[in-house]
Amino acid sequence: MRKQTQPKVRLFNIPKPGLFEAGSSWISRLALSQGADLREILKLLKLTGRHDLDRRMCGPRLTAIRRICGLDSSALAIHERVMTSLQRIHRVGANYLAETASRQPRFRFCPQCLSEMRPPHFPIHWRFIAWRWCPMHDCLLEDACPNCHHPISFPVDIAASKAGRMGYAMLNRCLSCGMRLDRIEPCYLQINGFRRVSSLEQMVLNNGRALLATLYFRRFSIDGRIGHAQIARLEELERHGGLPPQFDWLAPEKVRLRKLAGKQSGLSHWNVFMSADK
Ligand SMILES: [Zn+2]
Ligand SMILES: [Zn+2]
């Protein structure tokens, strides 16, 4: 008897993933482009289940997704590289990704980056608890929508979301209330000649950035001696508070108030900190 082969599925009109885009952000845009229910797309791409969607979009599964969508091997390559590195340091890496209370991928965002992206999307580094600062715009990332306080989470059925039902389909809007996230005044760290964060805080922000560089450039390995030393260093760094400790550490709404305090008193603890360090 002849073996029945499954017809090969191929999707068209695929949104091009952003260079740094997270899989869960792109899947949301993909479902919208296909006019499909998000669940149908997840089922088609064999991504159903409770596991972290971004962590699952690696290796053979991602290769199959690229084939179905007609994407070349560079699509979502940075997402894959960072997620694969994270798997390698699972001992310490498990807690690095932000999640909502219902364990969905959670993201912070830089309003200015969102306003410059064409089309707006959410990069994978915005999922990292340690990535608290946008070095391009020297501002803190926002934790949630300032209007409805809903966390930003993917994947989302954009068409069925509140913003989608209002006729907004772009990710520069909060999908829970429709507010433009790219029009929020960023929490800039340099205001009127003084820095809103202490040098110690800045060091922790820099370490968060270095963590992502480590994951991307893979200066560690789990097999070799040097690799073990690197992992131990990460653990040590974490233990000594060298990485942003929790999601709401240095929340922008608190740092924004520092500007007011600075104006009122003329001198505030963070510029004392700065001058003491010099
Ligand atoms: Zn930015
Ligand atoms: Zn909102």
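Per-residue answers, yes or no, for (1) open to solvent by less than 20 Å² (accessible area, probe 1.4 Å); (2) part of a loop (DSSP other than H, G, I, E, B); (3) at pLDDT 95 or above; (4) not aromatic (Phe, Trp, Tyr):
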{"site": "PRO155", "(1), (2), (3), (4)": "no, yes, yes, yes"}
{"site": "ALA163", "(1), (2), (3), (4)": "yes, no, yes, yes"}
{"site": "GLY178", "(1), (2), (3), (4)": "yes, yes, yes, yes"}
{"site": "VAL204", "(1), (2), (3), (4)": "yes, no, no, yes"}
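Checked against the criterion of being modelled with pLDDT under 95 and either touching a strand residue (DSSP E or B) at 6+ places or on another chain (Cβ under 6 Å) or among the polar types (S, T, N, Q) (or both), the candidates SER33, SER102, SER115, SER73 yield just one match: SER102.
Evaluate segment 105-115: report whether one residue or more is more than 12 Å from ligand 1 (Cβ to nearest atom), surrounded by fewer than 19 Cβ atoms within 10 Å (Cβ to Cβ) and of a type in the set (Lys, Arg). Scanning segment 105-115 turns up no residue that is more than 12 Å from ligand 1 (Cβ to nearest atom), surrounded by fewer than 19 Cβ atoms within 10 Å (Cβ to Cβ) and of a type in the set (Lys, Arg). Filtered by the rule that a residue be more than 10 Å from ligand 1 (Cβ to nearest atom) and in contact with a strand residue (DSSP E or B) (Cβ under 8 Å, 6 or more places away or on another chain), segment 124-139 gives ILE124, ARG127, PHE128, ILE129, ARG132. Restricting attention to segment 180-200, the residues being in a helix (DSSP H, G or I), open to solvent by less than 60 Å² (accessible area, probe 1.4 Å), modelled with pLDDT of 95 or more and not aliphatic (A, V, I, L, M) number 1.
Here LEU38 qualifies as open to solvent by 10 Å² or more (accessible area, probe 1.4 Å) and in contact with a helix residue (DSSP H, G or I) (Cβ under 6 Å, 6 or more places away or on another chain). Any residue at all in segment 103-118 that's in contact with a Gly (Cβ under 7 Å, 6 or more places away or on another chain) and among the basic types (Lys, Arg)? No; the residues of segment 103-118 include none that is in contact with a Gly (Cβ under 7 Å, 6 or more places away or on another chain) and among the basic types (Lys, Arg). Can you say whether ALA77 is touching a helix residue (DSSP H, G or I) at 6+ places or on another chain (Cβ under 7 Å), open to solvent by less than 40 Å² (accessible area, probe 1.4 Å) and under 30 Å from HIS137 (Cα atoms), as far as the supplied structure shows? No, not satisfied.
Checking each residue in segment 92-134 for being of a type in the set (Lys, Arg) and under 27 Å from VAL197 (Cα atoms) picks out ARG106, ARG108, ARG127, ARG132.
Per-residue answers, yes or no, for (1) over 12 Å from the mean Cα position of the chain (by Cα); (2) open to solvent by 10 Å² or more (accessible area, probe 1.4 Å); (3) within 16 Å of ligand 2 (Cβ to nearest atom):
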residue: SER102; (1), (2), (3): yes, yes, no
residue: MET117; (1), (2), (3): yes, yes, no
residue: PRO123; (1), (2), (3): no, no, no
residue: TRP126; (1), (2), (3): no, no, no
residue: HIS137; (1), (2), (3): yes, yes, no
residue: CYS148; (1), (2), (3): yes, yes, yes
residue: ALA159; (1), (2), (3): yes, yes, no
residue: TYR168; (1), (2), (3): yes, yes, yes
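Considering the conditions (1) in a helix (DSSP H, G or I); (2) at pLDDT below 50; (3) open to solvent by less than 40 Å² (accessible area, probe 1.4 Å); (4) of a type in the set (A, V, I, L, M, F, W, C), PHE273 is excluded by exactly one of them, (3). Annotation note: Cβ proximity below 7 Å between a residue of segment 74-88 that is over 17 Å from ALA213 (Cβ atoms) and a residue that is buried (at least 16 other Cβ atoms within 10 Å of the Cβ) and modelled with pLDDT of 95 or more (sequence gap 6+ or interchain) occurs for ALA75/PRO17; ALA75/ARG66; LEU76/PRO17; LEU76/GLU21; LEU76/GLY23; LEU76/TRP26; LEU76/MET57; LEU76/LEU62. Pairs linking a residue in segment 183-194 that is under 14 Å from CYS113 (Cβ atoms) to a residue that is more than 13 Å from ligand 1 (Cβ to nearest atom) and open to solvent by less than 90 Å² (accessible area, probe 1.4 Å), with Cβ atoms under 7 Å and 6 or more positions apart or on different chains, are ILE184/PRO146; CYS187/VAL255; CYS187/ARG256. Scanning segment 1-30 for residues that are at pLDDT 95 or above and among the aromatic types (Phe, Trp, Tyr) yields a total of 2. For segment 248-257, filtered to residues that are of a type outside the set (D, E, K, R) and surrounded by 15 or more Cβ atoms within 10 Å (Cβ to Cβ), the residue that is farthest from GLY93 (Cα to Cα) is VAL255.
The values are calculated or read from the model by the stated rules, or taken from the named source; none is laboratory data. Treat the numbers as computed from the prediction; the structure is a model and nothing was measured. Cβ: placed from backbone, ideal geometry, glycine included. Neighbour counts: every protein chain shown. Keep in mind that these areas ignore ligands, DNA and RNA; they rest on the heavy atoms of the full protein, side chains included. Shrake-Rupley method; radii C 1.70, N 1.55, O 1.52, S 1.80 Å.
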